[in-house]
Amino acid sequence: SALVSFVMALALSIGYWSWKQSYGSTRAHIKSAIKHKEFIPFYQPVIDTQKNEIVGVEVLMRWRQSSGELIPPNQFIPFAESDGLIVDMTYSMLDVMADDIEQAGEQVKPLFISINIVPEHLESDQLYLYIKALKESGKLGKHRISLEITERQPITDLAKARAMLDKFYAIDVDLKLDDAGMGYGGFSYVQNLGISTLKIDKAFIDTIGVKDNFNEKTLDAIISFAKKSGLSVIAEGVETESQISYLKVQGVDLVQGYFFSKPLEAKDFFNAYQNV
Ligand code: C2E
Ligand code: CA
Ligand code: CA
Ligand code: CA
C-alpha cells in the first residue's frame with residue numbers, strides 16, 4: 001500500500017504540474033495578446049423601437065489571434081475574469097475602441113457607449129482616470145460612456161464601490177445592471193449603487209410567448225420593479241417581432257438583439273448606422 005500511495009501521489013503531482021503548465025501558458029498567451037492589441041471591440045446597437053432609431057451601442061470583446069482567427073468571449077473571459085487579467089484586457093480593448101470612435105467622427109449620431117466592467121475596476125481610480133482622460137481627449141465626440149456590471153459578480157464593499165461610482169456620475173458616466181434578474185445581487189445593487197438601467201437577460205426574453213411559463217411572470221415582475229424604481233430597461237437577446245410587440249405593450253422600448261443586428265466589427269457598425 002506504500003507503493004499505491006506513492007503512485008497516487010506521483011499521479012497527483014503530475015496532474016498538478018501539467019495543470020500549472022497549461023494555466024501558466026494561457027496566462028502568458030493572454031499577456032502577449034494584450035501587448036499586441038489582440039483584444040478588439042465588436043459593436044452591437046441598442047434600438048429605441050418607439051422612435052425606430054439607434055440610441056446606444058454595447059462594446060463586446062473578441063480575441064483576434066495573430067492567425068486571424070476570431071475567438072468569442074465565452075472561450076476566454078471566464079478564465080480572464082477569475083484570474084484578474086480582464087482588468088488590463090479591458091484597457092487594451094478600450095484603446096482600440098477610442099481609435100475606432102475617433103476615426104468614425106460624426107458618422108453616427110451621439111450614442112451611449114456601454115462597456116462591460118468587473119468589480120475590480122471599481123477598487124481603484126484607474127478606470128475613472130482612464131475614462132476621464134478619454135473624455136478630455138475629445139476622441140469620443142458627443143458620445144457618452146456607460147458602464148455595465150453584472151449582478152452575478154459579488155461586490156465586497158458596496159459603500160466603497162458607490163464612492164467610486166459617484167465620481168463617474170459626476171462626469172456623466174452612468175451604470176447599467178447587466179443580466180438583471182439572474183442573481184441575488186440585484187436588489188442590493190439597485191438600492192446602493194445608483195443604477196440607471198436594468199438590462200434584462202436573454203433567458204427571460206426567450207420565455208415570451210411560451211405558455212404558462214414561470215419566467216414570463218418573472219419578466220413582468222422585473223419590468224414593473226424597474227418602473228416603480230424609476231429605472232430604464234433594456235431587453236437583451238431580442239430575436240423576433242413578437243418579442244418586440246410584447247415588450248412594447250409592457251412599456252419596454254429599448255432593445256438589443258439579433259433581430260436588429262449581431263455585434264459587428266467597427267467598420268461594419270459605423271457604415272451600417274450612418275445617418276440612422
Ligand atoms: P453580455 O454582456 O450579457 O452580452 C450580451 C451577449 O449576448 C453578447 O454575447 C451578445 O453577442 C449576445 N447577444 C445579443 N443579442 C443576441 C441575440 O439576439 N441572440 C443571441 N443568441 N445572443 C445575443 P458575446 O459577445 O458572446 O459576449 C458574451 C459575454 O461575455 C457578455 O455577455 C459578457 O458577459 C462577456 N463579455 C463580452 N465582452 C466583455 C468585456 O469587454 N468585458 C467583460 N468583463 N465581459 C465581456
Ligand atoms: Ca453586457
Ligand atoms: Ca447581459
Ligand atoms: Ca447575458
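Under the criterion of Cα pairs below 8 Å and six or more residues apart, the relative contact order for the chain equals 19 percent. Surface composition of region 33-107: carbon plus sulfur atoms contribute 45% of the solvent-accessible area (1.4 Å probe, protein chains only, all chains present). Close amide H partners of residue 264, meaning residues 5 or more places away or on another chain with modelled amide H under 5 Å apart, are 43, 44.
Relative contact order of region 139-276: 18 percent, from C-alpha pairs under 8 Å at least 6 residues apart in sequence. Taking the accessible area of region 131-268, probe 1.4 Å, and keeping the other protein chains in place, the carbon and sulfur fraction comes to 54%.
For residue 147, the residues 5 or more places off, or on other chains, whose built amide H falls under 5 Å of its own are 115, 174, 175, 176. Considering only the Cα atoms of region 41-121, their convex hull presents on average a projected area of 6.7 nm². Extents of the chain, largest first, come to 74, 49, 39 Å (Cα atoms, principal axes, whole angstrom). Surface analysis of region 170-276 yields an accessible area of 49 Å² per residue, using protein heavy atoms and a 1.4 Å probe.
Simple point charges give the picture: +1 on the Cβ of Lys and Arg, -1 on the Cβ of Asp and Glu, and for the chain a dipole about the Cα centre of about 240 debye. For residue 71, the residues whose amide H sits under 5 Å from its own are 63, 64, 65, ignoring neighbours fewer than 5 places away on the same chain, with H placed 1.01 Å from N.
Rolling a 1.4 Å probe over the protein heavy atoms gives region 1-102 an accessible area of 55 Å² per residue. Projected onto planes of every orientation and averaged, the convex hull of the alpha-carbon atoms in region 119-276 covers 10.4 nm².
The values are calculated or read from the model by the stated rules, or taken from the named source; none is laboratory data. For clarity, every value in this text was computed on a predicted model and none was experimentally measured. Don't worry about glycine lacking a Cβ; one is built from the backbone with ideal geometry, like all the others, and counts go over all protein chains shown. To get the accessible areas, we keep the full protein, side chains included, count just its heavy atoms, and leave off ligands, DNA and RNA. Shrake-Rupley method; radii C 1.70, N 1.55, O 1.52, S 1.80 Å.
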